[in-house]
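Down below is the structure, laid out as structure tokens.
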Amino acid sequence: MKKVTKMLSVLAASALLLGFGFALAGCSNGDDGGSDTQSSGQETQKNPETNENQGTQENQGSQGGDTSYTGDIQIVMCGDSIMRTYSPAEGDECGWGQVLQCYFNTTVEVNNTLSNGGRSSKSFYYEQGRWENVKKILEERKAEGKKTYVFINFGHNDQKAKKNYSDYMDYATFAKTNPDGWATTTYTASSGAKVISSYDPTTAPDNGTYQDFLQKYITETKELGGIPVIFSPFVRCESSNKKITDKGAHVLSTAYDGESLPRGDYPAAAKEIAEKNGVAFVDITQLSRDYVDSALAAGKEKFVYWPNDNTHARTLGALKICELAMKELKTKIPELAGRMITPNPRILVDANTIDFGRMYPGNSSTKSFKVSAFNATSGKITITAPDGYTVSKAESTGFAKTIEIDTTGDYFGDDIYIKFEPTEVAEYNAALQVTHTSITPDFGTSPAGTISGNALLIALTGAGKAKAAGGQDYSVTWPMVANGKFSYTATVDPEGVVTAGTATLGSGLKESTVKADYVNKKTRARFCSSTDDWLGTKDDNTYIQFAIPAGNNDVIVNQITLELASSGTGNMRWDVQYSLNDDFSSPVTIIQGGQGTAIDQDGATAPKANDVLTEVKSEADMGMNIKGKTLYVRIYPYMKTADPGKGANRQIMVADVKVEGLVQ
């Protein structure tokens, strides 16, 4: 199954590089008729990365992703991170453009390759490869006599304040009225090659408002034969008394420091310019405000939004944004209404594997995952734990082998807690099952896992460990740099107690530079993609490996630690695993999707991770005897989303990989 999943991921990535960028639906549709869609009632600063990664569909249960289009209508999506397509490596984060296809039959094709995080109505217009590419699509389709709709959805990043970005003028707009001080500000190419080289401030003044830029999109779309549709922004989860505030609904009535006027009412500005031009307008702001208010009232907003984030949506949130928007749009564009369909109900689970590590019998550990429901208004979800594990809807009580949950019309979701309690020194590797009386659950936009029949399986791994007797302490450290140069040799303290292998690189990785880190100013080793193409998910050939052969000695491994950082980008991610098999089969994960912790010039935590080492640790007392075997530790670096052609400038920094324990 792993080989099949990887093959599909590679094929998807290859298709993207060849230009096949139309988003897979991420859910299955009902019939191809025009049935009604059903309805229920400050963007965080993202780094500007490429987002044309469509996501593996392997074992996705009720997900479809039908791309066998039979019509000539295309919808081109222009938006920010609320609209963009996320890769499976990013977990359950999802854009509404990513799931829009499942609201249309095969006569409509959704193109969501150009939406991207961090973009405003202003920056999307000027950045190379964004609006200029939309215009190329419009020109080509007009020449072919094909109809094209352009869905325009900005607002979050238009509201950026100066304190957030030194080049905030590249992004920020006022809703309708600029203060006098902005009239003399000229657009600067602070973002380098991103800025369109033919930009002319006399013919395309950069100091326009949000409304001015929406006017540009409307005018230029119509000139090229397209049909513009304006959408106001999805609400931020900024609330008071379990209600979204006006600020959360993008009505900014207080001026930022250093600005003479408040930014204003963005949804009203969008509505006004759409009506002025006679184009369809969908008030996602008000629609989502009502929906999120209902989630807040139920204490379930975390099933709509990404963790620790008041802006970006989970799969459930993206599906609901889409549903609400399409129900409204259906009343305004009959041509599209006749092609809309109802997505099948879904039960969504946001994890495919959970690793509990090793612990002494008699102890316990608890971890959790989320289960949610979209349009599943009846039936029961059943969650069954394997031996050694129990489950509950509460973090500390009510654990049992099986729990059941009713999926009524007002059900958002639940946190499901899994407790691991080993009773003996043994491996506890088995699958937890999630089923529903009528729907096969799926993994949303998270990395695909296993579906068996109608049951979704979450792979659980854990082990009961034996307490180690006394012995000689040892540590093995690979600093990765010696005398200012790359070094793959380990130091053993005390010398001769154990043997350490030379660190090795997989074929997907190569040396980059040796350079000081940002905080300690100590020389560190950096590695980059050997192909210049970073994938948006773990690749089996892109790794750094460290090995300790135990021979016939009782070598106890108690802890693995290492330091990693993202360099040249804030978007590097890494998985760290270990295995006792020569082919690195059955690995145990220490960390998945790790990323750096950034520090700004004042020493405070900053939003971008770059050149600041983060310590990664296994559990503190593994107690793992590797006698007769070799311990292999691997670091698998990859990008948050695929970043083709930039391998040399996107690097992982590695320092002080250490294994500690006892020799008996």
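The values are calculated or read from the model by the stated rules, or taken from the named source; none is laboratory data. Fair warning: this is a prediction, and the values are worked out from it, not measured in the lab. All Cβ positions, glycine included, derive from the backbone under ideal geometry; neighbour counts span all protein chains shown. Surface accessibility is based on the protein's heavy atoms, side chains included, excluding ligands, DNA and RNA. Shrake-Rupley method; radii C 1.70, N 1.55, O 1.52, S 1.80 Å.
Can you list which of the GluC sites (Glu not before Pro) found in region 374-445 are DSSP loop residues with at most 16 other C-beta atoms within 10 Å?
Here the sparse-neighbourhood loop sites are Glu395, Glu424.
What does the C-alpha gyration tensor say about the overall shape of region 238-328? Classify as rounded when a/c is under 1.5, otherwise prolate if a/b is larger than b/c, or oblate.
It comes out oblate by the Cα gyration axes.
Starting from one equal scatterer on each C-alpha and no solvent at all, send me the Debye-based log10 I(q)/I(0) for region 446-585 at q = 0.14 Å⁻¹, two decimals.
Results for region 446-585 at q = 0.14 Å⁻¹ read -0.90.
Based on the mean of other Cβ atoms within 10 Å per residue, sort peptides 522-528, 487-493 so the most packed one is first.
522-528, 487-493
Note down the accessible area of His436, probe 1.4 Å, to the nearest 10 Å².
Here the accessible area works out near 10 Å².
Using DSSP to define loop residues, name the trypsin sites (Lys or Arg not before Pro) in region 411-491 whose beta-carbon has at most 12 other beta-carbon atoms within 10 Å.
Within region 411-491, the qualifying trypsin sites (Lys or Arg not before Pro) (loop, at most 12 other Cβ atoms within 10 Å) are Lys467.
Percent antiparallel among DSSP beta bridges with both residues in region 334-475, to the nearest 5?
85
Of the accessible area of region 448-594, with the probe set at 1.4 angstrom, what percent is carbon plus sulfur?
After summing per-atom areas, the C and S share lands at 44 percent.
Quick check: convex hull over the Cα atoms of region 355-434, volume per residue in Å³, rounded to an integer?
85
May I ask you to order 614-620, 582-588 by the average number of other C-beta atoms within 10 Å around their residues, highest value first?
614-620, 582-588
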